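> Got a structure for you, written out below as structure tokens; questions coming shortly.
The values are calculated or read from the model by the stated rules, or taken from the named source; none is laboratory data. Computed from a predicted structure; not experimentally measured. We place every Cβ from the backbone using ideal geometry, glycine too, and count neighbours over all the protein chains shown. Calculation scope for accessible area: heavy atoms of the full protein, side chains included, ligands and nucleic acids excluded. Shrake-Rupley method; radii C 1.70, N 1.55, O 1.52, S 1.80 Å.
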Amino acid sequence: MKGDRVEIVVDAGDTTRTYEVVATRAGRRVETAVRRGVVEVSEVTRNGSVVRTARFMANRVLALVEQPVERSEEGEGE
């Protein structure tokens, strides 16, 4: 859903860095996956095509915060 966000906080040696992946258009969503020591955060279209992907080494990720957009129950505003 447009507006879905995932924030990733990564250890960058003596400091931390924060990255953000946002669903930029209507019908897109943000998916997360952890595979083989790698955290992948992807923006995906309705039909499953990946628009962009951010990859981070899992041992460097300090926090992964998913912030979904509030969805109305009656379908208003969609």
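> Which whole-Hz couplings ³J(HN,Hα) result when phi for each residue of segment 19-32 is put into the Karplus expression 6.51 cos²θ - 1.76 cosθ + 1.60, θ = phi - 60°, listed in order with x for Gly and Pro?
3J(HN,Hα) across segment 19-32, in whole Hz: 10, 9, 10, 10, 6, 8, 10, 4, x, 9, 9, 10, 10, 10.
> Once you list every other residue whose beta carbon is under 10 Å from the beta carbon of Val10, what net charge do they have if Lys and Arg are +1 and Asp and Glu are -1?
Neighbourhood net charge equals +1.
> Still on this structure, I have one more. Report the label-to-label distance for Arg36 and Asp11 in nanometres (one decimal), using points 7 Å from each Cα along the Cα→Cβ vector.
It works out to 2.3 nm between the two label points.
> If you roll a 1.4 Å probe over the heavy atoms of the protein chains, what accessible area per residue do you get for the chain, in Å²?
Value returned for the chain: 72 Å² of accessible area per residue.
> May I pose another question? For segment 22-71, place one equal point scatterer on every Cα, skip the solvent, and apply the Debye formula. What is log10 of I(q)/I(0) at q = 0.14, 0.19 Å⁻¹?
The Debye formula, applied to the Cα set alone, gives -0.38, -0.66.
> Using Cα pairs closer than 8 Å and at least 6 residues apart in sequence, work out the relative contact order for segment 5-55, in percent.
In percent, rounded to a whole number, it is 25.
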